[in-house]
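What follows is a single structure, written as structure tokens, with notes after it.
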Amino acid sequence: MIAYIIRRLLYAIPILIGVNVITFTLFFVVNSPDDMARVHLGVKRVTPEAIRKWKEERGYDKALLYNGAAAGAQAFTDTIFYEKSVKLFAFEFGRSDQGRDIGYDIGNRMWASLAIALPVFLLGLAAYLTFALLMAFFRATYVDFWGVVACVMMMSISGLFYIIGGQYLVGKLLNLVPISGYDGGANALKFLVLPVIIGVVSGIGASTRWYRTIFLEEISKDYVRTARAKGLSELRVLFRHVLANAMIPILTGVVVVIPLLFMGSLVTEAFFGIPGLGSYTIDAINSQDFAVVRAMVFLGSVLYIVGLIVTDISYTWVDPRVRFE
Amino acid sequence: MPFKIVILWTDALIYLLVVVVLLLAWHVRRHEHLAAPWRKVARSPGGLAAAALLALFVVIGLADSVHYRPSVAVKDGKTVYAVEVLSLLDAIAAPLRARKEKTYSAPLATRLFAKETIELPGGGQARDYPRLKHGGAHLEQPEEQWASDIARRALWGAAAGVVLWLVLAILLCALLARRAGADVDEIWRAIWRGETEVPWRAVLVTLAVVLVAGMPLLALAAKYHVFGTDKVGQDVFYQSLKSIRTGLVIGTLTTLVMLPFALLLGVMAGYFKGWVDDAIQYLYTTLSSIPGVLLIAAAVLMMQVYIETHPELFDTVTARADLRLLFLCVILGITSWTGLARLLRGEALKLREMEYIQAAHAFGVSHWRILTRHILPNVMHIVLIAVVMDFSGLVLAEAVLSYVGVGVDPSTISFGTMINSARLEMARDPMVWWSLAAAFCFMLLMVLSANLFADAVRDAFDPRIRTARPFRLAAQKA
């Protein structure tokens with residue numbers, strides 16, 4: 001098991017190198033640092049002097065890959081690639097284009113993201129599985145039919161409208177909770193209720209339908225018929241047999257996203273003014289802060305790969321047949 | 001020439017797509033085994049009704065994809081063309097586009113949404129809601145005539161809708177009757193009893209709803225702003241119509257862009273195995289391990305920088321916005337081909353062990369020929385299902401991306417930009433709700449019909465479901 005985890009971690013290294021090369025190409029080769037400086041300083045009326053100064057302040061004035069002027073190993077380390085991309089492997093994110101410490105900001109902001117994403121994830125999973133099991137229980141009846149119709153309707157509505165509608169209904173019309181904002185400690189609760197509810201509701205359509213498909217596929221298998229033939233009640237069949245056997249396809253989709261919960265949701269956080277990593281990314285996009293976007297891309301990939309590894313490990317918990325050699 | 005045809009990049013690709021679809025349709029018609037699943041799609045009422053609605057959207061989108069620049073003056077024997085690029089839809093909906101108000105006005109309103117200081121005819125000033133320049137401008141006393149005028153126009157529109165529907169329905173019956181060699185009357189009754197093989201009843205009902213709801217809309221749009229106007233006074237109904245093309249372009253061109261990658265790489269990985277498989281797997285694992293939104297955001301940011309620092313490459317605003325739209329499709333395609341490639345790899349891995357492939361090997365058929373003649377046709381159902389399933393997701397993604405600020409150009413009218421600009425209107429009191437409502441309705445209709453159609457296609461093409469069908473039929477009979 002430990003050998004397997006180590007091997008998986010080693011596999012992750014070439015993938016992260018690939019991610020790094022892609023982001024480096026995107027951010028420094030497609031457009032030169034000069035172009036970025038020009039966009040930041042305003043395209044018109046920008047002096048070469050100002051560009052030079054902007055690049056120097058942010059450390060973009062070095063050679064891209066190979067610094068011929070420096071001696072020895074410095075020829076490779078005193079470059080943009082080493083300073084900005086290789087150092088990401090040590091989680092040294094450096095400074096944003098505005099001059100703030102990115103690592104510090106990330107450490108500060110991820111808890112707010114988690115405060116929303118984790119409840120949405122847990123409550124959502126419970127709700128979707130319940131609805132899907134109910135629909136599987138009432139399969140081929142009107143409950144099931146209208147349930148599917150409702151799901152298709154709900155998944156055809158853009159997530160933006162759930163947020164706008166929820167804010168209008170609960171925040172403005174009923175005046176139950178503040179529309180947006182955030183506070184530390186226990187005060188955070190009143191700000192979190194609405195985004196969490198909306199997060200859960202907006203996922204009902206697609207997720208419930210997906211889980212229903214999985215359950216129905218399991219229900220048509222032979223072992224379920226055997227269980228019913230033994231005289232087990234339908235509820236017991238559903239919970240003890242179908243749910244347990246449907247865990248593998250469910251886990252595949254679910255466990256991957258757990259580490260990514262730290263990243264938060266871009267749209268939700270922007271709408272509700274939550275100071276998490278999602279709104280951090282949005283602010284960076286809007287102010288064209290390339291350093292922050294670059295750091296978030298790398299962090300997101302790391303978390304995704306961690307999620308993949310955890311998924312594989314989680315299979316052993318639900319399916320004793322899965323062994324890692 | 002009174003106009004100059006402009007072919008934008010997305011236009012060219014849309015024409016290409018139309019040609020490809022027509023060729024495929026012709027090919028499918030000639031081969032019974034390919035046509036059979038499509039006949040199954042045509043037998044599902046929901047799918048057919050959704051297809052009818054989608055067809056309407058496609059017609060609007062296609063009309064919006066024929067672009068030209070009108071001439072404004074003739075100088076020294078040379079025609080000077082306007083900087084503005086218009087489309088066929090703009091020409092049809094010219095009144096909607098041209099009748100701009102000053103700022104917000106509610107749906108069907110005759111007065112502006114905000115109070116202004118107006119000069120009274122007898123001298124002096126007053127603060128009141130001024131009359132709109134165009135909306136309901138034909139009314140002498142808007143307060144008294146408004147309700148009756150609206151009702152009259154809506155009724156006339158509905159009546160025209162009913163007549164049009166009857167004409168179309170009878171035409172359809174006549175056509176079916178001629179083909180079947182039966183009476184029009186018989187066919188008509190058979191349709192309403194639901195006895196025709198293709199559920200025409202569903203199509204006719206959809207058509208009736210669309211016409212009876214749509215014609216009053218058009219009748220009212222002639223004199224009013226049916227969905228109100230936005231901040232700069234532009235008609236929201238016109239914006240909704242223009243958004244349709246953007247949604248369709250994103251939903252279809254993205255697929256067109258990603259298909260070659262997914263097909264070639266996915267099938268090759270599964271068929272050749274070995275180092276080819278390793279390399280391709282590495283490529284798509286790396287790409288898919290970057291969270292989609294972030295990769296799109298990074299790529300779009302870089303494209304913005306490129307466009308801003310190279311303004312000389314684009315002669316009109318529309319051309320710039322169009323290239324940005326195309327680039328967004330490419331980026332979305334690059335981030336979304338990995339899922340399909342993975343599916344195709346798995347299928348190709350299975351297929352390459354089949355007897356008929358081994359027989360082909362034994363006969364010395366080349367790899368390329370095996371891939372194109374034997375593997376490709378047998379994975380097409382997966383491709384088709386993936387393509388139709390992706391469409392609605394892409395339309396929804398466009399709205400979110402435009403909201404985040406990494407979507408289409410702000411000058412491109414799309415559902416995302418409509419919602420984005422309506423965001424601030426929410427805070428106003430009383431609320432300006434009509435932009436959101438219009439975007440919501442149009443988007444829901446489009447995505448819902450796409451979802452229903454996708455379900456019908458999946459049911460018909462997915463072999464797992466195909467084997468499950470007879471069981472259910474048997475159960476119903478028993």
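Screening the stretch B:310-346 for residues that are over 29 Å from the mean Cα position of the chain (by Cα) and surrounded by fewer than 18 Cβ atoms within 10 Å (Cβ to Cβ) and picking the one that is farthest from the other protein chains (Cβ to nearest Cβ) gives B:346.
Counting the residues of the stretch A:1-21 that are facing chain B (nearest Cβ under 10 Å) and not in a helix (DSSP H, G or I) gives 0. Taking residues in the stretch B:316-328 that are within 16 Å of residue B:417 (Cα to Cα), and partners anywhere that are among the aromatic types (Phe, Trp, Tyr) and assigned to a helix (DSSP H, G or I), the pairs with Cβ atoms closer than 6 Å and at least 6 places apart or on different chains are B:322/B:9. Among the residues here, residue B:142 qualifies as out of contact with any His (no Cβ under 7 Å at 6 or more places or on another chain), farther than 21 Å from residue B:429 by Cβ and crowded, with 17+ Cβ neighbours inside 10 Å. Considering the stretch B:92-148, and only residues there that are of a type in the set (Lys, Arg) and farther than 28 Å from residue B:60 by Cα, the residue that is nearest to the chain's Cα centre (by Cα) turns out to be B:111.
Considering only the stretch A:235-325, give the helices (runs of 4 or more DSSP H) lying wholly within it that have at least 2 residues that are at pLDDT 85 or above and within 12 Å of chain B (Cβ to nearest Cβ).
Working: elements: A:247-254, A:257-260, A:266-272, A:277-286, A:290-318.
Filter on the stretch A:235-325 gives A:257-260, A:266-272, A:277-286, A:290-318.
What number of residues within the stretch B:190-249 satisfy the criterion of being over 30 Å from residue B:110 (Cβ atoms), of a type outside the set (Gly, Ala, Ser) and within 20 Å of the chain's Cα centre (by Cα)? Can you show your working first?
Taking the stretch B:190-249 and keeping what is over 30 Å from residue B:110 (Cβ atoms), we get B:190-208, B:245-249.
Now drop any that are not of a type outside the set (Gly, Ala, Ser), which leaves B:191-193, B:195-201, B:203-207, B:245-246, B:248-249.
Then keep just the ones that are within 20 Å of the chain's Cα centre (by Cα); that gives B:203, B:206-207, B:245-246, B:248-249.
Residues meeting the conditions: 7.
Within the stretch A:245-257, the set of residues being more than 8 Å from the chain's Cα centre (by Cα) and not hydroxyl-bearing (Ser, Thr, Tyr) comprises A:245, A:246, A:247, A:248, A:249, A:250, A:251, A:253, A:254, A:255, A:256. Within the stretch B:391-423, restricting attention to residues that are of a type in the set (Phe, Trp, Tyr) and within 9 Å of chain A (Cβ to nearest Cβ), the residue that is farthest from the chain's Cα centre (by Cα) is B:403.
Working carefully through the options A:131, A:121, find the one that is in a helix (DSSP H, G or I), in contact with a Ser or Thr (Cβ under 7 Å, 6 or more places away or on another chain), away from every other protein chain (no Cβ under 14 Å) and surrounded by 14 or more Cβ atoms within 10 Å (Cβ to Cβ).
Values: A:121 fails: in contact with a Ser or Thr (Cβ under 7 Å, 6 or more places away or on another chain).
Step by step, each of A:131, A:121 is checked, and only A:131 is in a helix (DSSP H, G or I), in contact with a Ser or Thr (Cβ under 7 Å, 6 or more places away or on another chain), away from every other protein chain (no Cβ under 14 Å) and surrounded by 14 or more Cβ atoms within 10 Å (Cβ to Cβ).
For the residues A:208, A:268, the requirement of being under 17 Å from the mean Cα position of the chain (by Cα) and of a type outside the set (Gly, Ala, Ser) singles out A:268. If you scan the stretch B:255-287, which residues turn out to be closer than 23 Å to residue A:16 by Cβ and among the polar types (S, T, N, Q)? Those that are closer than 23 Å to residue A:16 by Cβ and among the polar types (S, T, N, Q): B:281, B:285, B:286.
Just one of the numbered conditions (1) assigned to a helix (DSSP H, G or I); (2) in contact with a Lys or Arg (Cβ under 8 Å, 6 or more places away or on another chain) is not true of residue B:197: (1). For the stretch B:424-440, the candidate set comprises residues that are more than 8 Å from chain A (Cβ to nearest Cβ) and without any contact (Cβ under 8 Å) to a residue 12 or more places away in the chain; within that set, the residue that is surrounded by the most Cβ atoms within 10 Å (Cβ to Cβ) is B:433.
Screening residue A:180 against (1) at pLDDT 85 or above; (2) in contact with a Phe, Trp or Tyr (Cβ under 6 Å, 6 or more places away or on another chain) leaves a single unmet condition, (1).
Whether any residue in the stretch B:50-60 is under 23 Å from residue B:254 (Cα atoms), in a helix (DSSP H, G or I) and among the aromatic types (Phe, Trp, Tyr) is what I want to check. Within the stretch B:50-60 (the criterion being under 23 Å from residue B:254 (Cα atoms), in a helix (DSSP H, G or I) and among the aromatic types (Phe, Trp, Tyr)), the answer is yes, since at least one residue qualifies.
Residues of the stretch A:102-157 that are closer than 30 Å to residue A:284 by Cβ and of a type in the set (Val, Ile, Thr): A:102, A:106, A:116, A:120, A:157. Scanning the stretch B:28-47 for residues that are out of contact with any helix residue (DSSP H, G or I) (no Cβ under 7 Å at 6 or more places or on another chain) and under 26 Å from residue B:452 (Cβ atoms) turns up B:33, B:36, B:39, B:43.
Here residue A:135 fits the description: closer than 24 Å to residue A:247 by Cα and in the same structural domain as residue A:250 (by TED's automatic domain parsing).
Among the residues of the stretch A:6-64, those that are at pLDDT below 80 and touching a Ser or Thr at 6+ places or on another chain (Cβ under 6 Å) comprise A:35, A:38, A:62, A:63.
Quick grid of which residues meet (1) of a type in the set (D, E, K, R); (2) within 20 Å of residue B:225 (Cβ to Cβ); (3) assigned to a helix (DSSP H, G or I); (4) touching a Gly at 6+ places or on another chain (Cβ under 7 Å):
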{"position": "B:147", "(1), (2), (3), (4)": "no, yes, yes, no"}
{"position": "B:156", "(1), (2), (3), (4)": "no, yes, yes, no"}
{"position": "B:167", "(1), (2), (3), (4)": "no, no, yes, no"}
{"position": "B:172", "(1), (2), (3), (4)": "no, no, yes, no"}
{"position": "B:177", "(1), (2), (3), (4)": "no, no, yes, no"}
{"position": "B:182", "(1), (2), (3), (4)": "no, no, no, no"}
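Residues that are within 9 Å of chain B (Cβ to nearest Cβ) and part of a helix (DSSP H, G or I) were ranked within the stretch A:22-35; the one that is farthest from residue B:297 (Cα to Cα) is A:34.
Got at least one residue in the stretch A:159-168 being surrounded by 14 or more Cβ atoms within 10 Å (Cβ to Cβ), part of a loop (DSSP other than H, G, I, E, B) and touching a Gly at 6+ places or on another chain (Cβ under 9 Å)? Show your work before the answer.
The first filter runs over the stretch A:159-168 and keeps only residues surrounded by 14 or more Cβ atoms within 10 Å (Cβ to Cβ), leaving A:159-168.
Those still in the list that are part of a loop (DSSP other than H, G, I, E, B) too: none.
The answer is no; no qualifying residue exists.
Of all residues in the stretch A:139-169, which are of a type in the set (S, T, N, Q) and more than 10 Å from chain B (Cβ to nearest Cβ)? Before the answer, list the steps.
We begin by selecting, within the stretch A:139-169, every residue of a type in the set (S, T, N, Q); these are A:141, A:156, A:158, A:167.
Of everything in the stretch A:139-169, just one residue is of a type in the set (S, T, N, Q) and more than 10 Å from chain B (Cβ to nearest Cβ), namely A:141.
Is there a residue being of a type outside the set (D, E, K, R), more than 14 Å from chain A (Cβ to nearest Cβ) and part of a loop (DSSP other than H, G, I, E, B) anywhere in the stretch B:264-278? Taking every residue of the stretch B:264-278 in turn, none turns out to be of a type outside the set (D, E, K, R), more than 14 Å from chain A (Cβ to nearest Cβ) and part of a loop (DSSP other than H, G, I, E, B).
The values are calculated or read from the model by the stated rules, or taken from the named source; none is laboratory data. Predicted, not measured: the structure shown is a model, and the values here were computed from it. FYI the Cβ positions are ideal-geometry reconstructions off the backbone, even for glycines, and counts take in every protein chain you see.
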